[in-house]
Amino acid sequence: MSCTIEKILTDAKTLLERLREHDAAAESLVDQSAALHRRVAAMREAGTALPDQVGRRVRVRARRICAREGWRAKEELWVSLEEHQDALELIMSKYRKQMLQLMVTKKAVDAEPVLKAHQSHSAEIESQIDRICEMGEVMRKAVQVDDDQFCKIQEKLAQLELENKELRELLSISSESLQVRKENSMDTASQAIK
């Protein structure tokens, strides 16, 4: 296995590009978090402008939505940070391994145990990165399921509120009809007495 400085540099460049992509993703998450913060502030301002009863409902819903989105952004930021750190560790591990191989080719030193240790360490880091990616995917799916459940609950709540409103209208119509019947029966009774 021939190891040259050019190969080390190209590998380092590709790993550095990946690191920059992770940095860009982290910055994007930070920007999303700031936008979310601005959105929360706007919701708070809008919530104070509404009447108390409606405003309370809106504020409670807004807090729930903001908490969920904040938690999701925080989780994504942590996953991105861990991936970034693991990528950096992988870069350094490969760099050390290639430098050691370069030294072995220059010097006739028996570095086989150290190379094996680096290889096993690199394999362990790669498996941890894979596990982190899998955990991130599981978290994303869990958030999606949670969002779907939240939407179903909101739909059911809206349906129940609509049914409640319709039942109240029917009750008021029934009460008015009963009132009119009582008045009519009292009028006919008073006319019969005369």
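What to note about this one:
- Flag if Ala62 is surrounded by 12 or more Cβ atoms within 10 Å (Cβ to Cβ) and at pLDDT 80 or above: no
- Look at (1) surrounded by fewer than 13 Cβ atoms within 10 Å (Cβ to Cβ); (2) of a type in the set (Asp, Glu); (3) closer than 30 Å to Leu9 by Cβ and you find that Glu134 fails only one, number (3).
- Residue match in the stretch 106-117 (condition: open to solvent by less than 60 Å² (accessible area, probe 1.4 Å) and either in contact with a strand residue (DSSP E or B) (Cβ under 6 Å, 6 or more places away or on another chain) or modelled with pLDDT of 70 or more (or both)): yes
The values are calculated or read from the model by the stated rules, or taken from the named source; none is laboratory data. Source: prediction; values computed, not measured. We place every Cβ from the backbone using ideal geometry, glycine too, and count neighbours over all the protein chains shown. Surface areas here come from the heavy atoms of the whole protein model, side chains and all, with no ligands, DNA or RNA. Shrake-Rupley method; radii C 1.70, N 1.55, O 1.52, S 1.80 Å.
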